[in-house]
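Structure, as C-alpha cells:
The values are calculated or read from the model by the stated rules, or taken from the named source; none is laboratory data. Please read these numbers as outputs of a predicted model, since none were measured by experiment. FYI the Cβ positions are ideal-geometry reconstructions off the backbone, even for glycines, and counts take in every protein chain you see. Please note that ligands, DNA and RNA were not included when accessible areas were found on the heavy atoms of the full protein model with its side chains. Shrake-Rupley method; radii C 1.70, N 1.55, O 1.52, S 1.80 Å.
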Amino acid sequence: MENFGGKKKECAYEKEENGVGNGGGIEMKKKWCFKANESISSASGITIRGTLGMLMESRNLNDKRETIPLGHGDPSAFPCFRTSLIAEDAIVDCLRSSKFNSYSPSVGIQSARRAVAEYLSRDLSYELSAEDVFLTVGCIQSIEIVLSVLARRGANILLPRPGFPIYESRATFSNLEIRHFDLLPEKGWEVDLDAVKALADENTVAMVVINPGNPCGNVLSYQHMKKVAETARKLGILIISDEVYGHLTFVNNRFIPMGSFGSIAPVLTLGSISKRWLVPGWRLGWITVNDPNGYLKEAKIVDSIIGYANISTDPATFIQAAVPKILEETTEDFFDNTISILRESAEICYDVINEIDCIYCPHKPDGSMFVMVKIDTSLLEDIIDDMDFCTKLAKEESVIVLPGICVGMRNWLRITFAIEPLRLQDGLRRMKDFCQRHSNKL
C-alpha cells in the first residue's frame, strides 16, 4: 500500500530473483498497475467488420475466382457507384483554397450547418435552422453522441431487431440497458408497436427507428411512421431516427423523414452524405433536432449534445466547407442513376434468391442497399447455422455474406445488392450452387 497525495493506492509486488550481476538473492519488484478497460471488449461483441474480416480469412486462397462481397455496406468500392463530379470538385476547391486548414467550431462551421438545415427542410412542413444541426464524423459518431447524452443511471433504450449493431455496442459501453422490439417481416418489417408499449417503462428514454431499413431494405409508410410517433408520445420518449439511407428508395413507399412528426414526439435525426452521395470514407454526418415544441431544449438534451461535441472530435474542416455546394448543386441525374442501379440489383437479388429452395425472402427490398433472407437449415445436410453457412460459403465459393446473428437474427442472412449487377449475378449463382451442393438428399 502506497500513499500518493493523501490517497492510498494498492500496488502488488512480486518476488524476482536477481541475476548474477546483481549479486543474486531475492528482490521485491512492483507489478505494472495498468490494464485494459474490459467494458470495451464486452461492448464490441460480434461486429460487422470483425465478422467480415474473419470470413475473408476463411477463403480458399487457391480459388482464383474474384471474391464477391455481398456483406459490405460500402458501394463506393465499385466503379458504377462513383460520387458526383460536383462533390469531388467541391472538396478539391475547398482544399486548394487554403481557407479551411484550421480547426472548426466543435458543432461544425455555420455555412455547412445552414446548408444541412436547408437540405432537410425541403421534406418538412417547417424550417430547420443552422442551430438545429450538429456536424459529426459520420453517422457512427452521431450514434455515439446521442446515446452518451441519454445515458443516465438506470435508463434503458428500445432498439430494433434486426438492427444496426453499433447501437448495441454504444449502448452497452454507455451502460444503457437494451430492450429489443421486433420488426415484423410479414408486415414489411414494420415496428411491432405492441412490443414497444410492453417494453417501455418510466426509465425508457428513447426508441431507435432506421428508415430506410438497414438491414431489412424496407421503407416505412407515412401511416405507420405516424403511429410510431404517437406511440412515442404516449410513452414520453424521444425517437432516434437513423436516416443514413434517406431517399434511397426505388419501389412503392417514398421516403418520409421522421422529423415530419416532430410536433407529435421529439425526434433526433441522424444522417450523413455517406450513402446518397456514395462517399462513406469522407466521414461527414449530422445530428438534427426535429422538435418544434422545444421539449429537447427544455430537457437540456441540446445543451448536452453541444457539451459532448466540445470534448470530442469534428469532421475535417475542408470537407465541412464543401457541404453547401455538395447539397445544393448535385443534380437529380446523379441520384436517378444510383437509384436505377439499385433497383436493377434489388430485382436480380430477389429473383435469384427465390430460386434457392433453402433460402426464403419474406419482403422484396424497397430501399437502402440490403435485404434480409432466412435460411432453412433443415434442408441442408451439413450446415449448423448462419455463421456456419457463411464460413463455408466463403471457403468454397469466395462469396462473402453477413450472418444474421450480427444484426440480431440467428439463421438469417443480410445480403447487400449495392454491387455491380454482373458481379451480383455471379455471387448469387455461386450461392445457389453452394446450396444445391449442400442440400439434404433425404
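Please give every one of the lysines within straight-line cross-link reach of LYS374, meaning a C-alpha to C-alpha distance under 22 Å, and leave out same-chain neighbours fewer than 8 residues apart.
LYS187, LYS364, LYS392, LYS395, LYS432, LYS441
Report the FRET efficiency, 1/(1 + (r/R0)^6), for PHE34 and ALA299, where r is their Cβ-Cβ distance and R0 is 45 Å, rounded to 0.05.
Values: r = 38 Å, r/R0 = 0.84.
The pair PHE34/ALA299 has a calculated efficiency of 0.75.
³J(HN,Hα) across the stretch 171-186 via Karplus (A = 6.51, B = -1.76, C = 1.60, θ = phi - 60°), whole Hz, x for Gly/Pro?
5, 4, 5, 8, 6, 8, 5, 9, 10, 9, 10, 7, 9, 9, x, 6
With a 1.4 Å probe and all protein chains left in place, how much accessible area per residue does the stretch 232-311 have, in Å²?
Accessible surface, normalised per residue, equals 38 Å².
Any chance you could run the full-extension gain for ARG233 through ASP385? It's 0.36 nm times the residue separation minus the Cα-Cα distance, nm to one decimal.
Roughly 50.8 nm would be gained on extension.
Straight-line reach from LYS325: which lysines have Cα under 21 Å away, leaving out those fewer than 8 places along the same chain?
Leaving aside lysines fewer than 8 places away in the same chain, those within reach of LYS325 are LYS99, LYS275.
Could you sort CYS80, CYS216 by accessible area so the largest value comes first, with the probe set to 1.4 Å?
CYS80, CYS216
How about LYS35: which lysines have a C-alpha closer than 16 Å to its C-alpha, ignoring those fewer than 8 places off in the same chain?
LYS35 reaches LYS9.
So between ARG152 and ASN310, what do we pick up on full extension, going 0.36 nm a residue minus the alpha carbon distance?
55.0 nm
The stretch 112-194: which trypsin sites (Lys or Arg not before Pro) are DSSP loop and have at most 15 other beta-carbon atoms within 10 angstrom?
Values: sites: ARG113, ARG114, ARG122, ARG152, ARG153, ARG170, ARG179, LYS187; in loops: ARG122, ARG152, ARG153.
The qualifying sites are ARG122, ARG152, ARG153.
Give me a comma-separated list of calculated 3J(HN,Hα) values for the stretch 361-370, in order, Karplus coefficients 6.51, -1.76, 1.60 applied at θ = phi - 60°, integers in Hz, x for any Gly or Pro.
With coefficients 6.51, -1.76 and 1.60, one gets 10, x, 8, 5, x, 9, x, 6, 9, 9 Hz.
Once you put a point 7 Å from the Cα of ARG429 and another 7 Å from the Cα of ALA77, both along the Cβ direction, what distance in nm separates them?
For ARG429 paired with ALA77, the spin-label model returns 2.0 nm.
In Å², what does the accessible area per residue of the stretch 331-375 work out to with a 1.4 Å probe?
On a per-residue basis, the stretch 331-375 sits at 41 Å².
Within a Cβ distance under 12 Å of HIS180, other residues only, what is the Lys/Arg minus Asp/Glu net charge?
Local net charge: -2.
Pop a pseudo-label 7 angstrom from the Cα along the beta-carbon direction at both SER42 and SER106 and give the gap in nm to one decimal.
Computed distance between label sites SER42 and SER106 equals 2.9 nm.
Report the longest stretch of the chain that contains none of the chymotrypsin sites (Phe, Trp or Tyr not before Pro) sitting in a DSSP loop with at most 10 other Cβ atoms within 10 Å.
Here the longest run is 104-442.
Counting only DSSP beta bridges with both residues in the chain, what percent are antiparallel, rounded to the nearest 5?
Close to 60 percent.
With all protein chains present, calculate the accessible area of LYS227 using a 1.4 Å probe and round the result to the nearest 10 Å².
Its heavy atoms expose roughly 120 Å² to the probe.
Sort ILE384, ILE91 by accessible area with a 1.4 Å probe, largest first. Write down the numbers at each step before the final one.
Working: ILE384 125, ILE91 20 Å².
From most accessible down to least: ILE384, ILE91.
Taking H placed 1.01 Å from N in the peptide plane, check which residues at least 5 places from HIS72 or on another chain put their amide H under 5 Å from its amide H.
For HIS72, the qualifying residues are THR416.
Computing the accessible area with a 1.4 Å probe over protein heavy atoms, can you report the carbon and sulfur percentage for the chain?
50 percent
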